[in-house]
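Everything on this sheet refers to the single structure shown next.
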Amino acid sequence: MGLRERLARALIIVSRDGVFTRDTVRAVSGVGDSVIDDFINSLINEGVLVRVGDGFKSTIPPHGLIRYFMGKGVGMDLESISRYLPWDEFEALIRLAFEEWGFNVVSRLRVPVVGTRVEFDVIAYRRPRVFLIEAKRWRRASSSIRRIISRHLEKVGLVAREPEVLMSRVGIGWGEALLIPVVITWHRVSMELIDGVPVVSIYQVNSFVSEFDGLIDSIRSFRVSWGHV
């Protein structure tokens with residue numbers, strides 16, 4: 001792991017609980033004080049950090065820091081960092097990625113359908129597509145992936161039978177849409193299709209969205225229509 005990666009990782013870890021000090025950054029990163037001072041001062045100049053007494057505080061949450069450093073070309077070991085972050089930070093990172101592509105996004109939506117209730121971690125929509133996203137951190141084993149995908153497909157299939165319920169909850173009034181099940185993971189792997197469902201690394205959401213038109217014929221989807229909601 002390079003110097004910038006060590007410092008960025010340390011900052012994300014120590015800043016998650018609020019105010020931190022140079023000593024805590026040094027303890028996590030193992031980097032010398034002068035390098036840490038330069039790193040911290042550059043982030044203060046960019047408005048990413050502010051001074052609080054003898055310490056410092058991030059002006060943006062952990063998922064914002066991750067996006068900031070990734071945007072600067074700093075490699076982020078998300079799988080390693082994830083154990084230090086609350087679950088909603090992973091979902092927030094997914095939301096940010098889709099919002100940057102012009103999608104409207106909602107999280108943790110529970111939908112009553114066909115005598116039961118299903119929940120989706122993230123829903124990203126931009127006419128005519130509605131991505132129904134399952135967010136997972138697991139180290140992937142084929143049996144667990146297939147169980148997760150099977151259950152996710154079942155949930156999407158239930159919603160497709162009564163699409164007006166989901167659409168009214170989200171506020172979509174298009175009258176027709178394409179529901180697309182997706183699984184997004186911290187694990188750094190190339191995108192693959194399992195039973196027609198894309199399994200996408202958080203690293204590759206941007207390329208997945210940008211290349212989606214070329215993939216759509218291979219991807220499992222549910223075309224739905226409904227009356228006025």
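Details
- Seen from a random direction on average, the alpha-carbon convex hull of the stretch 3-85 projects onto 4.8 square nanometres.
- A simple packing score, the average count of other Cβ atoms within 10 Å per residue, orders the peptides 164-173, 29-38, 126-135 as 126-135, 164-173, 29-38, with the highest score first.
- Remark: the stretch 90-101, residue by residue, has Karplus-estimated 3J(HN,Hα) of 5, 4, 5, 5, 5, 4, 4, 4, 6, 4, 5, 9 Hz, where x stands for each Gly or Pro and the curve is 6.51 cos²θ - 1.76 cosθ + 1.60 at θ = phi - 60°.
- Relative contact order of the stretch 3-85: 36 percent, from C-alpha pairs under 8 Å at least 6 residues apart in sequence.
- Among the GluC sites (Glu not before Pro) in the stretch 165-217, those located in a DSSP loop and surrounded by at most 15 other Cβ atoms within 10 Å of their own Cβ are Glu211.
- In the stretch 1-100, GluC sites (Glu not before Pro) in a DSSP loop with at most 12 other beta-carbon atoms within 10 Å: Glu46, Glu100
- Equivalent ellipsoid of the chain: semi-axes from √(5λ) of the C-alpha gyration tensor, largest first, are 38, 18, 15 Å.
- The string of couplings for the stretch 6-18 from the Karplus curve (6.51, -1.76, 1.60, θ = phi - 60°) is 5, 5, 5, 4, 4, 5, 4, 5, 6, 8, 5, 9, x Hz, one whole number per residue in order, with x for Gly and Pro.
- Computed over the stretch 110-184, relative contact order equals 43 percent, with contacts defined as Cα pairs under 8 Å that lie 6+ residues apart.
- Sequence-ordered 3J(HN,Hα) estimates for the stretch 211-226 from the Karplus curve with 6.51, -1.76 and 1.60 and θ = phi - 60° stand at 9, 4, 4, x, 9, 4, 5, 9, 9, 5, 8, 10, 8, 10, 9, 7 Hz, glycine and proline given as x.
- Under-5 Å amide H pairs with Val197, H placed in peptide plane, nonlocal only: Arg220
- Ranked Asp88, Asp217, criterion: other C-beta atoms within 10 Å, fewest first: Asp217, Asp88
- For the chain, calculated [θ]222 nm from helices alone, where every DSSP H run of n ≥ 4 adds -39500 (n - 2.57): -12500 deg cm²/dmol
- The stretch 88-225 - percent relative contact order, Cα under 8 Å, separation 6 or more: 23 percent
A short reminder: the numbers here are calculations on the coordinates, not readings from a lab. What you are looking at is a predicted structure, and each value in this text was computed from that prediction instead of being measured. All Cβ positions, even for glycine, are placed from backbone atoms using ideal geometry, and neighbour counts span all protein chains on display.
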